[in-house]
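What follows is one structure encoded as structure tokens, with my remarks underneath.
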Amino acid sequence: MTEQLTPKEYLTLQHLADGKDHGKSPDSLTDAQYYSALKSLKDKDMVYAAFVEGGEVYAAQIKTNGKAILDDLSDEANYIIRKLIKKENITDDQFLLLKVARDNNGAKNVFGITNDVYKKQIWSPLIGRGYLKLERAINSIVITPLGNRFLTQIDKDLAYEITSNDKTNNVSSSEYANTTTMPKENIVSRPCIKINEEHRKQIIEDIITANHFGHFKDQNGNPFNDKQIIYAFAQFFDDEKMKDFATSKEEINSANVELVKKMCPLFYNDVVVTNSFVEKIKSTNTNTETTRIAAEFVNKKLLSDLSCKKPLWEILHNNNLYSAKLNNWCKSINTFLK
């Protein structure tokens, strides 16, 4: 039995159906609705989704479970679409042309078509209704705002009808067998690079470390946050476990970034461990507890025993995280070292 979806969840899955990353919401949903639907679908294991602070969607992609749901509903969806467009006196071919024009920024090379019947029956009526317009300069038919609104309304009507709990139509396969299908885009192949399972954690840590030292920038020269850069690498490697890490990882608090950069070399350049140490000492109230935590990291071989004295004390002292003098720090930490 197909899992019940909400209209907004169905619209989101349809938006992601091409298998590409989509950080931007579809026309049929607001940014807030898209964010909410993705959070819900992620909980249902139907999509990958990465979010940045403030509730903004960075990237989203459909998973196998999400594709399976759409496949299960495809026959019913085709039937509903044909019923909806028939009410608007739109043929299957006209609907397909509208979708192509919208999804591909125009239907190209239509002026090379010599079939007058095609012109009169397919795109001329749509131009007459204001859904399409001719752009001879670019040899294309492009969709108008009115045409976009028409398709958006069809998308919404389909979503509400297909997710309705009150379904009275049992559709036979013969009723939708001739429904027009959308052409698939050609995908350029690329080398398949797989990550060694044993080294994935180290690769992720290296990416985070490089990111914190400013090695990655976007086209405007702005830095990425950790989730964004890990998700980008996960996309390149097509690595599901890395994607899961990116979408579940908690962000390093922006207030800790500079401190983590300074301390990172003392913790064998492990950004994750360094951030964990910073979070712990910031939650303490006493000098003694701070030294105990530092010694704990040394005992676990996470902090260099050569760096845990003066180098670490200087950073903590200069950032008002340890108030006593160096001699007190050294004596105190020695009592906790094993």
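The values are calculated or read from the model by the stated rules, or taken from the named source; none is laboratory data. Everything quoted here is computed from the prediction, not taken from an experiment. So basically every Cβ, Gly included, is an ideal-geometry build from the backbone, and we count neighbours across all protein chains shown.
Output the residue which, of all residues in the range 37-62 that are without any contact (Cβ under 8 Å) to a residue 60 or more places away in the chain and of a type in the set (D, E, K, R), is nearest to residue 240 (Cα to Cα).
It comes out as 45.
Could you check residue 152 against (1) modelled with pLDDT under 80; (2) buried (at least 16 other Cβ atoms within 10 Å of the Cβ); (3) in contact with an Asp or Glu (Cβ under 7 Å, 6 or more places away or on another chain) and say which number it fails?
Checking residue 152 against (1) modelled with pLDDT under 80; (2) buried (at least 16 other Cβ atoms within 10 Å of the Cβ); (3) in contact with an Asp or Glu (Cβ under 7 Å, 6 or more places away or on another chain), the one that fails is (1).
Mind checking which residues of the range 24-78 are of a type in the set (Ser, Thr, Tyr) and assigned to a helix (DSSP H, G or I)?
34, 35, 36, 40, 64, 74
Determine whether residue 260 is over 15 Å from residue 204 (Cβ atoms) and modelled with pLDDT of 85 or more.
It is false that residue 260 is over 15 Å from residue 204 (Cβ atoms) and modelled with pLDDT of 85 or more.
For residue 253, are the conditions met, namely being surrounded by fewer than 21 Cβ atoms within 10 Å (Cβ to Cβ), at pLDDT 85 or above and of a type outside the set (Phe, Trp, Tyr)?
no
Please determine, by comparing only the residues of the range 325-338 that are under 46 Å from the mean Cα position of the chain (by Cα) and either among the aliphatic types (A, V, I, L, M) or loosely packed, with under 13 Cβ neighbours inside 10 Å (or both), which one is nearest to residue 297 (Cα to Cα).
Of everything passing the filter in the range 325-338, 337 is nearest to residue 297 (Cα to Cα).
Could you look through the range 275-305, keep only residues that are at pLDDT below 85 and farther than 20 Å from residue 323 by Cα, and pick out the one that is surrounded by the most Cβ atoms within 10 Å (Cβ to Cβ)?
275
What pairs can you find where one residue is in the range 18-36 and touching a residue at least 40 places away in the same chain (Cβ under 8 Å), the other is part of a helix (DSSP H, G or I) and polar (S, T, N, Q), and their Cβ atoms are less than 6 Å apart, with a gap of 6+ or different chains?
27/152; 28/152
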